[in-house]
Amino acid sequence: MARLNVNPTRMELKKLKQRLSTAKRGHKLLKDKSDEMIRRFSVMIKENKRLREQAKAMLADALKEFSSARALMGEAETENAFNMPSTSLNLELDTESIMNVIVPKISVTATKRSGMPYSYANVTSEADYSVKKITEAISVLVELAVVEKKVQMLAEEIVRNKRRVNALEYVMIPQLEETIKYINSKLGENERGALTRLMKVKSMINERKD
Amino acid sequence: MTGKMAIIGSGDNVLAFKAGGVDAFTVNSAEKAREKLRTLAKDYAVIFITDGFCRELSAYLKRFNESAYPIIIPVPDGDGDYGMELLRSAMESALGVDILFGREDK
């Protein structure tokens, strides 16, 4: 590991020691953060998988009903039946912070209209079921959307954090340690050099006296 | 703040979503889907896109992970399961181990 390009002085040594202790503390903090994020992440992906499977099943069911409804009714009636929302889903948008990652948070409130928003005369029962099922599927899909976004964002943050931890652990800290060692040995050498010089001078003076 | 939902898809099936109060947009190519998405991204909080388009636009969709909204997620359209692939790749990059799908592979 290359050492930093600094002058081997006491001032630099002091500064570097400060930086090393900061780096070590930062490293520990980031590592803890990464552990906690991974813990939450693993809980969340299980939830994500469960929701996705549920949503997929519900949607497949709803779409099946939809196609049979379409097959049984005319073009115009289908349009009528499906164009008006029977249940309007209200999304209350908010954000929350998971380990300092700003993630979305949505609360869904469904305002249900009484009955279906179309006349029953032209519409088959398949359409009724399909409208009901699709509304249910959508509320699950919204829930899924939030969880999935959280998972994606957290995954990115985990990767970013891992990079930081590694940079500290394998580059920054060894570099600082090496530089500190270098300055220490350089200073020690200077000191020994000064000492031997003094001893030499002293012996020269003593010789001259004799 | 309240938000709206939209779906972008290819087939007529997306029309079914209208019944749930989702604005449906039908497009017939990934390129069109991308343009539509760009115009919708500002106004909608949740945008569903069918699996096929999501797969083709995956590089473009990555940028939406930077901020909390809009949320863009794939909905299954019977053609593979891109959502699960996304989940798996997120898991692999973040954890490095497979804790969800392990048993199925063996």
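Here are some notes:
- Average other protein chain Cβ within 10 Å of Cβ, residues A:14-25: 0
- Antiparallel DSSP beta bridges within the protein assembly as shown, as percent of all bridges there, nearest 5: 50 percent
- Label zone at residue A:96 (point 7 Å along Cα-to-Cβ), backbone N below 18 Å, the stretch A:27-45: A:36-45
- Nearest-0.05 FRET efficiency for residue A:43 and residue A:201, computed from C-beta distance (R0 51 Å): 0.10
- Formal net charge of residues neighbouring residue A:48 (Cβ-Cβ distance under 9 Å; K, R +1; D, E -1): +3
- Sum of side-chain charges, residue B:20 neighbourhood, beta-carbon under 11 Å (Lys, Arg +1; Asp, Glu -1): +1
- Helical contribution to [θ] at 222 nm, DSSP H n ≥ 4, -39,500 (n - 2.57), averaged over the protein assembly as shown, rounded to 500: -21000 deg cm²/dmol
- Those residues of the stretch A:37-66 whose amide nitrogen sits under 15 Å from the label point placed on residue A:108, 7 Å along Cα→Cβ: A:48, A:50-63
- Of the residues A:63, A:2, A:99, the one whose Cα sits farthest towards the positive end of the charge dipole of the protein assembly as shown is A:2 (charges of +1 on Lys and Arg Cβ, -1 on Asp and Glu Cβ, taken about the Cα centre).
- In Å, descending, principal axis extents of the Cα set of the protein assembly as shown: 132, 46, 33
- Shielding by partners for peptide A:38-51, expressed as the average number of C-beta atoms from other protein chains within 10 Å of each residue's C-beta, is 3.
- Gyration tensor (alpha-carbon) shape descriptor, the stretch B:5-78, a/c threshold 1.5: oblate
- Relative exposure of A:11, A:73, judged by other C-beta atoms within 10 Å (fewest first): A:11, A:73
- The protection proxy used here, the mean number of other Cβ atoms lying within 10 Å of each residue, ranks peptides A:45-57, A:137-149 as follows, highest first: A:137-149, A:45-57.
Laboratory data are not the source of any read-out in this text; all were calculated from the coordinates shown. Remember, it's a predicted structure, so these values are computed and weren't measured experimentally. All Cβ positions, glycine included, derive from the backbone under ideal geometry; neighbour counts span all protein chains shown.
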